[in-house]
Amino acid sequence: MPDSTEDFPGEFTDVAATRNAYDEVADLYADIFRHQLDGQPLDRAMLAVFAELVADNASGPVADLGCGPGRVTAHLATLGAQVFGIDLSPRMIALARAEFPHLSFDQGSLERLPIGNEELGGIVAWYSLIHIPPDRIPQVLDEFYRVLADKGHVLLAFQTADLSDAVEAFDHKVTRAYRWAPKRLARLLTDAGFTVNARMVREPGADERFGQAYLLASKVR
Ligand SMILES: C[S@@+](CC[C@H](N)C(=O)[O-])C[C@H]1O[C@@H](n2cnc3c(N)ncnc32)[C@H](O)[C@@H]1O
């Protein structure tokens with residue numbers, strides 16, 4: 001059952017733990033990852049494809065859900081996306097606002113999005129679903145489906161599991177997290193009503209322990 005916490009009454013205990021953990025490391029995280037995309041051409045390629053798809057569809061703004069300090073939000077904006085960010089951590093939101101004052105950032109939870117039905121043209125969840133316990137991911141994807149307009153696009157990034165259909169907890173440096181076999185998360189996207197259009201897995205970089213996966217899906221009725 002959800003426990004009460006001061007930010008979102010009724011939220012799960014792990015959500016409060018995640019928020020507190022990211023509040024503590026937010027400044028360091030922002031410094032470490034500020035220019036990380038510069039060295040990741042494959043990650044930028046997925047973001048570029050996503051930006052092109054949402055521009056072609058033009059059915060609403062893009063939400064960067066679990067935006068952290070806003071580096072991906074800002075990158076998408078440079079690609080022409082009309083994008084805003086939402087994150088659990090107030091410190092992350094404060095940093096994002098300070099660094100990118102031309103963009104909009106608000107505190108909120110992925111599990112209870114402060115967004116109306118079918119308002120978005122796109123959703124990016126870049127290493128943010130990883131902190132939600134696997135048994136709650138189906139409800140989160142239902143929430144994504146609710147807020148996305150017809151023909152809208154979703155882009156997920158996450159660490160890969162070792163086995164082909166596994167999801168497993170790992171010792172993430174900030175707080176508890178889960179890595180997924182792309183096939184398994186893709187199946188949950190399909191169960192939620194999405195069409196999975198592309199999957200990319202890249203090898204770990206020098207400072208990464210696991211393969212990195214990217215799923216691109218769309219809402220087609
Ligand atoms: C690994 S960081 C990624 C941040 C950003 N996407 C990036 O790539 O720089 C994970 C972020 O997800 C946020 N987050 C985790 N669980 C969340 C939830 N349930 N709702 C909203 N944000 C969440 C954390 O506060 C944190 O900022």
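The values are calculated or read from the model by the stated rules, or taken from the named source; none is laboratory data. Every value quoted in this text rests on a predicted model; they were computed, and no experiment measured them. For neighbour counting, all protein chains shown are included, and Cβ atoms are generated from backbone atoms with ideal geometry for every residue, glycine included. All accessible areas refer to the heavy atoms of the entire protein, side chains included, with ligands and DNA or RNA removed. Shrake-Rupley method; radii C 1.70, N 1.55, O 1.52, S 1.80 Å.
Report the charge-dipole magnitude of the chain in Debye, nearest 20, computed about the Cα centre from +1 at each Lys and Arg Cβ and -1 at each Asp and Glu Cβ.
Numbers: 21 positive and 32 negative charges, 119 e Å.
So the dipole magnitude of the chain works out to roughly 560 debye.
With q set to 0.12, 0.17 Å⁻¹, the log10 of I(q)/I(0) for the chain, from the Debye formula over equal scatterers at the Cα positions, is -0.59, -1.32.
Can you check what the net charge comes to around Gly205, using other residues whose Cβ is under 14 Å from the Cβ of Gly205 (Lys, Arg +1; Asp, Glu -1)? Provide the component values of the computation, followed by the final result.
Values: positive: Arg44, Arg202, Arg209; negative: Asp38, Asp43, Glu203, Asp207, Glu208.
Cβ neighbours under 14 Å give a net charge of -2.
Compute, for the range 49-148, the length of the dipole vector about the Cα centre, with Cβ point charges of +1 (Lys, Arg) and -1 (Asp, Glu) only. Units Debye, rounded to 20.
Values: 6 positive and 12 negative charges, 62 e Å.
Taking the Cα centre of the range 49-148 as origin, the dipole is about 300 debye.
In square angstrom, what is the accessible area per residue of the chain with a 1.4 angstrom probe? Ligands and nucleic acids excluded, the result is 46 Å² per residue.
Give me the percent of DSSP beta bridges within the chain that run antiparallel, rounded to the nearest 5.
Working: 19 of 37 bridges.
In the chain, approximately 50 percent of DSSP beta bridges are antiparallel ones.
Each of Arg209 and Arg136 was given a label point 7 Å from its Cα along the Cα-to-Cβ line. The distance between the two points is 2.2 nm.
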